[in-house]
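Q: My questions will all concern the structure given below.
The values are calculated or read from the model by the stated rules, or taken from the named source; none is laboratory data. These figures come from a predicted structure and were not determined experimentally. A quick note on method: Cβ atoms are made from the backbone with ideal geometry, for glycine too, and the neighbour counts reach across all protein chains shown. Heavy atoms of the whole protein, side chains included, go into the accessibility calculation; ligands, DNA and RNA do not. Shrake-Rupley method; radii C 1.70, N 1.55, O 1.52, S 1.80 Å.
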Amino acid sequence: FLEQSEGGIEFLHCAALKACPVGGVLDVLASYNKNEDRPTKHGAECASIGEVVLAQKHFPNENIVFDSPCKTIPELKYALSNSIHLNIDSLQELERVKLIYQSGETHKGGSIGLRVNPLVGAGALGMFSVATLHSKFGIPITSITAEEVADLPWINCLMLHTGSHGCGLDLLVDGVAKVVDFATKVNEISKKKRGAAQIRTFDIGGGVPAILSTENEICKFREYAQSLKERCPELFSGQFSKIVTEFGASMFARTGWVASRVEYTKEIIDEDQRRRTLVIIHAGADLFLRKCYAGTGCHPLSLHSSKGELLPVVELGEKHSLFGPLCFSGDELSEKNGSVEFARQAVPGDIVVVHNAGANVISLFNHHCSRNASQVIIFRSNEGDITLNSVRSEDSVQGTVAFWG
Ligand SMILES: Cc1ncc(COP(=O)(O)O)c(C=O)c1O
């Protein structure tokens, strides 16, 4: 993004906490902010007041963005009185914020944005597409005019998010271009009315495709920024003094993996009269919710010996199906009714690694079957030196029991 800018633009890259709220990971991001020479800053995009308070443990208030379609009046006041950037999600919320703002009691000068639904349609996965006619998010671009926004000079940001997984770069760029055009109109009106551009911050949301299939391996931030520059050069030319991004899956997915001991194996002879080993491990739909319930996400599996040596995936090797620990049959990490073939048959004590688990995995953990949430270890590699740091301990059985009251 910085490469595309002609200078003078502040970039704030907010990590979508819903993808990875682990404190130790946020500490890593926050540590980059300590380097004064870095022209870009990191912050947090928050989908709830809980995420806002979590973000405050790691980032200064001015690096926090509060999005949510369901903010209460006390939550709005909390954001406004703490100078946390607020993106208003609906016309009703706009009325609430107008009243709070006009009362003057709580607003301490944080910037206020309006989330606009650009109505550019759905990507490949309806569940993650939000720029549709039926979307619950944002104010449809056809439901508010540039004149109406220009009548609210305290709105100084426009925000959009077209969708996540499955929205190709072209669709994302379409969404941004529509809202940049809208912002340009607001600024033309405000310049005539008040002699100054009103929309100075532009928040492009998240959504760069992360991992849908093994072919889609490369994270496309540079390509996205280049396409945005081609399609809406105004974004990088200084019309806006600050650009905010809210990437989640693309930022974290590849950075993490889940490792589990094989607890048990069972042997069956399958429909093709081949031996297949059913493998039971300690991670399933309690962590890989999207994979198990919605069939989305791409999580390659690898088998390692008890000492960690990789036993490669091979064609016509030993067939395996991998299952989690939960008490229902959809708790499967291999493709549904599918299999993965390893160089040898898995045995109890081996280790299974589930890849691409850095985003929307621990953040979606659920207590179905009262399993404990797992330990989280951060690894850093410095010229071959690897350091490991436990940043979250595994929950105790007592803790999990306490969850149920
Ligand atoms: C408002 C908003 N911003 C950012 C994100 C993060 O999207 P992604 O993980 O696809 O980058 C989401 C995802 O749901 C979102 O709703």
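Q: Could you look through the range 135-153, keep only residues that are small (Gly, Ala, Ser) and within 11 Å of the ligand (Cβ to nearest atom), and pick out the one that is modelled with the highest pLDDT?
A: So, considering only residues that are small (Gly, Ala, Ser) and within 11 Å of the ligand (Cβ to nearest atom), the one modelled with the highest pLDDT is GLY138.
Q: Same structure, new question: Assess whether LEU303 counts as being modelled with pLDDT of 95 or more and under 27 Å from PHE252 (Cα atoms).
A: When the stated conditions are applied, LEU303 passes them.
Q: Considering only residues that are touching a residue at least 60 places away in the same chain (Cβ under 8 Å) and open to solvent by less than 70 Å² (accessible area, probe 1.4 Å), which ones fall in the range 377-391?
A: Of everything in the range 377-391, those that are touching a residue at least 60 places away in the same chain (Cβ under 8 Å) and open to solvent by less than 70 Å² (accessible area, probe 1.4 Å) turn out to be ILE378, VAL391.
Q: Show the residue pairs meeting these rules: Cβ distance below 8 Å; 6+ apart or different chains; first residue within the range 196-222 and assigned by TED's automatic domain parsing to the domain that holds ILE9 and assigned to a loop (DSSP other than H, G, I, E, B); second residue away from the ligand (no atom under 14 Å from the Cβ) and modelled with pLDDT under 70.
A: So the pair list comes out as ILE211/GLU217.
Q: Pairs only if they're at least six apart or on different chains, beta carbon under 6 angstrom, first in the range 75-94 and assigned by TED's automatic domain parsing to the domain that holds SER48, second among the basic types (Lys, Arg) and within 15 Å of the ligand (Cβ to nearest atom); list them, first residue then second.
A: Sorted first by the residue in the range 75-94, then by its partner, the pairs are ASN87/ARG115; ASP89/ARG115.
Q: Also, quick follow-up: Criterion first (within 16 Å of the ligand (Cβ to nearest atom) and open to solvent by 30 Å² or more (accessible area, probe 1.4 Å)) does THR132 satisfy it?
A: Judged against the criteria, THR132 is a match.
Q: Any residue at all in the range 225-233 that is part of a helix (DSSP H, G or I), within 16 Å of the ligand (Cβ to nearest atom), surrounded by fewer than 17 Cβ atoms within 10 Å (Cβ to Cβ) and among the charged types (D, E, K, R)?
A: Within the range 225-233, not a single residue is part of a helix (DSSP H, G or I), within 16 Å of the ligand (Cβ to nearest atom), surrounded by fewer than 17 Cβ atoms within 10 Å (Cβ to Cβ) and among the charged types (D, E, K, R).
Q: Take the residues in the range 371-387 that are within 26 Å of the chain's Cα centre (by Cα) and assigned to a loop (DSSP other than H, G, I, E, B); name whichever of them is farthest from CYS20 (Cα to Cα).
A: In this case the residue turns out to be ARG371.
Q: Only one residue in ALA346, ALA253, ALA294, ALA283 is within 16 Å of the ligand (Cβ to nearest atom), open to solvent by less than 20 Å² (accessible area, probe 1.4 Å) and out of contact with any Phe, Trp or Tyr (no Cβ under 7 Å at 6 or more places or on another chain), so which one is that?
A: So the residue among ALA346, ALA253, ALA294, ALA283 that is within 16 Å of the ligand (Cβ to nearest atom), open to solvent by less than 20 Å² (accessible area, probe 1.4 Å) and out of contact with any Phe, Trp or Tyr (no Cβ under 7 Å at 6 or more places or on another chain) is ALA253.
Q: Counting residues that are away from the ligand (no atom under 16 Å from the Cβ) and open to solvent by less than 70 Å² (accessible area, probe 1.4 Å), which strands (runs of 3 or more DSSP E) fully inside the range 1-102 reach at least 2?
A: Per the criteria, 40-46.
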